[in-house]
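Worksheet: one structure, shown below.
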Ligand code: HEA
Ligand code: HEA
Ligand code: CUA
Ligand SMILES: [Cu+2]
């Protein structure tokens, strides 16, 4: 257990708090708000996505409270409609899509490939500001009175009938899209051009592969949602346009354009998390990933084929049956690379050396929950079944299994795993494991009953429901309160650990990845000297051989690294 | 209604088939989840870390295994695909001999009209053991007609007709939900489908018999209220406007050389936006009726025009793709005003009413020019 | 890896070709080719000319002809993705029961 | 493009004043910039792609209306603008050429020429917009009025829809031109000060890519908006 403390005998690096690192290289608000250091920008993102997650979580709690009883007795229906819409918008666009790429990806992509920074540090900072501006527009819509279209903004309700602040919220989503695009652009260029000597494509950690795939989706998909919500907002304002049938338009075209992005967007959400899971599984079982290249290319396959299936959200929308069949077929095809990943992760554990640290618990939870979530995706992709369960709680359960049980688990696991690198402190392991357990139990209690509800026919976005659905809804609400506690715990103890946690060593887990071969927290330029990579990904070695690159002396060279505010 | 396993009522001819696929999927899922969980649990116990820094022997992978777990899931999923796709054809392929009911969704209620004239709101009475076809549209936003016990649903989309069908197998009262979010009272846009024994159904019909049938209502609109008959003749044999007898399901030659199959959507468009498809040989003299007829009245007109085509159902059999207006001609080259040879026109009189411009009546929220 | 400098001559030749393309496309747009060639010929020709012009700009003005394979892949994938968007969207619209056909109608005695 | 060998040892040119701290050498920096612009342009392709999709769908659905509305556009101005943009692409290409060869005066001259042509384009576009305003063809509720008789088989709202798409497409295109002019101003300043040399001229090159892309968008917009359907209506 004590392997992660600084007292490890072969630990070549001295404690961090003596040294100049990216956190203490500069002080003051401006040094954060104007920073071009990818690590600081990652922290800016960490703060802001957490804020949006809390807000979205509060909305989730409001949903679950309202649904305790069949009558609409807590809030009135307009309020409820705004609550789930805003829950969806905040969670999807302002939490889950940026969560892993913009926080963990931003922090780790350059370090893992041995670069000093992302290719375009200013654009990286710009992306955060764009995100913030998009967020402000959305929050502005929320405080002005909210938006009630559902996160899917379907026309003609959104263009013509809704009396809420659709335009503002749409602009928020539009602006936020560019933040995603800029992040993706930065990653693609960085991964292509900034790899350290010796870091060949097949030595890249799988985290990088999955971020590369994610970036492809961000670049190719996000512009389409941008133009779509822009047209929607303009149509709402000008009362002329292309989506409302009263104006000669076609509401189904809106759905095509919306899902052209929003289905690939679900892979923006899951792919980075899959990258995290690959790291966790390999590193906590001290074993190279089984079938590295299959896992790597399955990410690319998911990204590419993910663009071919959007019509599975429109099986009952009056889309042509033939198109529906094409989309259904392709949806099944795109499930295969996900299955390949799951099997490879499982096989990696064979004859390995598994530790039960918190990140690993999240990773194992991920595999189980993602399998359930993904398999229920196949229920939905089967047209005959989707006709029955479309727009019911079955869909709600499906996507929470993949988004919360999948992505959120991966995010929490990754956050714990890299926390020593990010903050220079260990999180409390006991609390970590306890919280992971609470999250797992709470999660299943919340969302499993929703599958049953969905098959029974309870439609989603319902403020009141038929009395026979109550028992399962109460179970779900009870689970949600456990889940809420579960996710609140890490927020508290991680913040606590920033001050009171044990000081982390450079390589607390004794792992070979490049991020573990620099100080914790790393200096501004990540490495004192550019590393030269001579080892494969997940090539585990005895601790003596895992040298930290460069020399860091306590209190040495206080002016190093050069200022890059 | 509630048993200890939560499961919905099953009350249509294909609800059992949907359940079968569902249970099969549950089986496949359970199998894979248990398999993976069991393997993982076995591994994490068997291979738990013994020494802090042990380095297990690396294993690169295995092409055999990779192919195995690519191909097996692929085969399984293709099986599910075919099953699901054939099921949807059952669900959405509307049989010809079905009893027709008109459905109009509106924020936030369902309006029904039977061919025999009965009108209902949020409650639909149907006989057991009869195929029922619903011709559906909406006055405002998208709604979705969903009867869980029948395992079927379809969005109702403004500006076009969608169709579903079912054959109830068990008398009873079943939930009807609006499944597509449609605004404030979406969750209140519910009702029930009452399935009755044929005799009860006959009683119910005769108990509510004194309402005008849609055909009669359509005829009244046609001849009196809207004055269609002044051009199309009372019996629909045509005059300044084209003949409407035998129209449904036939192919109509258009000005400009294309032709269309006349179905409900075509008739609807011709009423609301008569200039969009001009029958060859006729002048564009017909005014638009946009804003003057409600969706229900449109359905009545359509059913009257249908009644002029005895023995014909709508030209459409499947429901989901029931969108009509899709010229597949190259852009800009069709509907050429000067292209087709002009046939003689019985009378070049001016329109009886000034054409009010479409699209300028958003307040009335009655559908619109069709996309 | 170092860059290739395209000569001025190439630029002027490409420029000339673009101007010719522009004149051609305007000239041909006013001819009614529906009856001369086939229905929709004007559209096809106008788009073909546009694609050729765009290709010239991409290859020469934007130096792709002299660039690495990666740039080629990026350019091609951009247009490929647009293709996906069009193909699958129209797989819906084009397979809805067709209303308009170019064939003469099966029966039009109603018209009398 | 493989960075694995571009290594840490930038040797001679790592001292160039334009080298940013996180790059190893000028070659890597140039490559990153170039690649970044291409990736950005692909994003732009998809952005405009959504509009092209809507355009294609509705042209197929309302061919007569789109032909009629399109014939109402000013072909002469559209054609002149096409020529103006193509010439500006040539001058831009030459600006890049003189940056690569390090001729400062010619560089400055061609950047200015490009800017002037870009401005000309925008002015002509503005005149066209004004004409549309005068003819009540602005697609907004209450502002659109088709004068004269509606053509056969055409409903006014479909004419409106053409103009909606026309303004959306050309408006976004013009916005890109304006941004392009902003970039050009920045380039001009640095070219003027002799910042670019055969060793360092990536910004000129990258801006060139952007400018040519905007030209390409117009190469498609011109036939789609102005030309298709001419042969049936023959102007107005
Ligand atoms: C992280 C997000 C995420 C992910 C990864 C997925 C993954 C998948 N989703 Fe999901 N989905 C959503 C988020 C996500 N989805 C959201 C948010 C919605 C609702 C949007 C809304 O309407 O608001 C939705 C809705 C949705 C629908 C529409 C439902 C409806 O509205 O009617 C469909 C239909 O096909 C679908 C299918 C799939 C499929 C086939 C996958 C596949 O990629 C899953 C692949 C994974 C596996 C298959 C599991 C692993 C496999 C094995 C362990 C081996 C066994 C495998 C086989 C036998 C094949 N999803
Ligand atoms: C990333 C995506 C994401 C995440 C993480 C979540 C998280 C949760 N979601 Fe959901 N959800 C969506 C995305 C997401 N959701 C989407 C896209 C929709 C569809 C919207 C639509 O239909 O348009 C949806 C809809 C949706 C519904 C359906 C509403 C309806 O159709 O009527 C429900 C119902 O139970 C629900 C519940 C929950 C719950 C209980 C959580 C829990 O996991 C949340 C747990 C987290 C917390 C509870 C935060 C902790 C904070 C506190 C406890 C408060 C502390 C207070 C202070 C700090 C002051 N969500
Ligand atoms: Cu009507 Cu929901
Ligand atoms: Cu999807």
Taking the condition within 13 Å of chain B (Cβ to nearest Cβ) and assigned to a helix (DSSP H, G or I), does residue A:297 pass?
yes
Checking B:184, B:190 in turn, the sole residue that is under 21 Å from the mean Cα position of the chain (by Cα), touching a residue at least 12 places away in the same chain (Cβ under 8 Å), more than 16 Å from ligand 1 (Cβ to nearest atom) and more than 21 Å from residue B:94 (Cα to Cα) turns out to be B:190
Suppose we filter the stretch A:462-508 for residues that are within 14 Å of chain B (Cβ to nearest Cβ) and either away from ligand 1 (no atom under 16 Å from the Cβ) or surrounded by fewer than 21 Cβ atoms within 10 Å (Cβ to Cβ) (or both); how many remain?
17
Meets criteria (within 16 Å of ligand 3 (Cβ to nearest atom), within 7 Å of chain B (Cβ to nearest Cβ) and either in contact with a helix residue (DSSP H, G or I) (Cβ under 8 Å, 6 or more places away or on another chain) or free of Cβ contacts under 8 Å to residues at least 12 places away in the same chain (or both)) for residue A:340:
no
Candidate set: the stretch B:139-176, residues that are surrounded by fewer than 24 Cβ atoms within 10 Å (Cβ to Cβ) and without any contact (Cβ under 8 Å) to a residue 40 or more places away in the chain; chosen: the one farthest from ligand 3 (Cβ to nearest atom):
B:173
Considering the stretch B:19-54 alone, what residues qualify as being at pLDDT below 95 and either within 15 Å of ligand 1 (Cβ to nearest atom) or not in a helix (DSSP H, G or I) (or both)?
B:47, B:48, B:49, B:50, B:51, B:52, B:53, B:54
Restricting the stretch C:38-92 to residues that are farther than 20 Å from residue D:33 by Cβ and not in a helix (DSSP H, G or I), the residue that is nearest to the chain's Cα centre (by Cα)
C:40
If only one of A:134, A:105, A:88 is closer than 30 Å to residue A:527 by Cα and assigned to a helix (DSSP H, G or I), which one is it?
A:105
Failed condition for residue C:15, given (1) within 14 Å of chain B (Cβ to nearest Cβ); (2) crowded, with 16+ Cβ neighbours inside 10 Å; (3) over 16 Å from residue D:227 (Cβ atoms), with all others met?
(1)
Tell me which residues, restricted to the stretch A:45-81, are within 14 Å of chain B (Cβ to nearest Cβ), farther than 18 Å from residue A:474 by Cα and either touching a strand residue (DSSP E or B) at 6+ places or on another chain (Cβ under 8 Å) or more than 16 Å from ligand 3 (Cβ to nearest atom) (or both).
A:76, A:79
Take the residues in the stretch A:306-316 that are within 13 Å of ligand 4 (Cβ to nearest atom) and within 13 Å of chain B (Cβ to nearest Cβ); name whichever of them is farthest from residue C:78 (Cα to Cα).
A:315
Which condition from (1) farther than 23 Å from residue B:161 by Cβ; (2) part of a loop (DSSP other than H, G, I, E, B) is the one that residue B:274 breaks?
(1)
Residue match in the stretch D:123-139 (condition: touching a helix residue (DSSP H, G or I) at 6+ places or on another chain (Cβ under 8 Å), facing chain A (nearest Cβ under 9 Å) and free of Cβ contacts under 8 Å to residues at least 12 places away in the same chain):
no
Going by the structure shown, is residue A:450 on the phi < 0 side of the Ramachandran plot, more than 16 Å from ligand 1 (Cβ to nearest atom), within 14 Å of chain B (Cβ to nearest Cβ) and part of a helix (DSSP H, G or I)?
no
Could you tell me whether residue A:387 is facing chain B (nearest Cβ under 10 Å), modelled with pLDDT of 95 or more and in contact with a strand residue (DSSP E or B) (Cβ under 7 Å, 6 or more places away or on another chain)?
yes
Look at the stretch A:512-552 and say how many of its residues are part of a loop (DSSP other than H, G, I, E, B) and without any contact (Cβ under 8 Å) to a residue 60 or more places away in the chain.
9
Some residue of the stretch A:453-469 being modelled with pLDDT under 90, more than 28 Å from residue A:403 (Cα to Cα) and either more than 16 Å from ligand 2 (Cβ to nearest atom) or not in a helix (DSSP H, G or I) (or both):
no
Candidates A:406, A:384 - the one that is within 8 Å of ligand 1 (Cβ to nearest atom) and in contact with a helix residue (DSSP H, G or I) (Cβ under 7 Å, 6 or more places away or on another chain):
A:406
Any residue in the stretch A:345-368 that is farther than 30 Å from residue B:162 by Cα, at the interface with chain B (Cβ under 7 Å from one of its Cβ atoms), touching a residue at least 60 places away in the same chain (Cβ under 8 Å) and in a helix (DSSP H, G or I)?
yes
Take the residues of the stretch B:219-239 that are at pLDDT 80 or above and closer than 16 Å to residue B:278 by Cβ: which is nearest to the other protein chains (Cβ to nearest Cβ)?
B:232
Looking only at the stretch D:88-125, how many residues end up being buried (at least 19 other Cβ atoms within 10 Å of the Cβ) and closer than 20 Å to residue C:10 by Cα?
17
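Yes/no per residue for (1) crowded, with 24+ Cβ neighbours inside 10 Å; (2) closer than 19 Å to residue B:88 by Cβ; (3) within 16 Å of ligand 2 (Cβ to nearest atom):
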{"site": "A:299", "(1), (2), (3)": "yes, no, no"}
{"site": "A:303", "(1), (2), (3)": "yes, no, no"}
{"site": "A:311", "(1), (2), (3)": "yes, yes, no"}
{"site": "A:315", "(1), (2), (3)": "yes, yes, no"}
{"site": "A:318", "(1), (2), (3)": "yes, yes, no"}
{"site": "A:323", "(1), (2), (3)": "yes, yes, no"}
{"site": "A:328", "(1), (2), (3)": "yes, yes, no"}
{"site": "A:331", "(1), (2), (3)": "yes, yes, no"}
{"site": "A:340", "(1), (2), (3)": "no, no, no"}
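The values are calculated or read from the model by the stated rules, or taken from the named source; none is laboratory data. As the structure is a prediction and not an experimental result, all values here were calculated from the model. Here the Cβ is made from the backbone with ideal geometry for all residues, glycine too, and neighbour counts use every protein chain on show.
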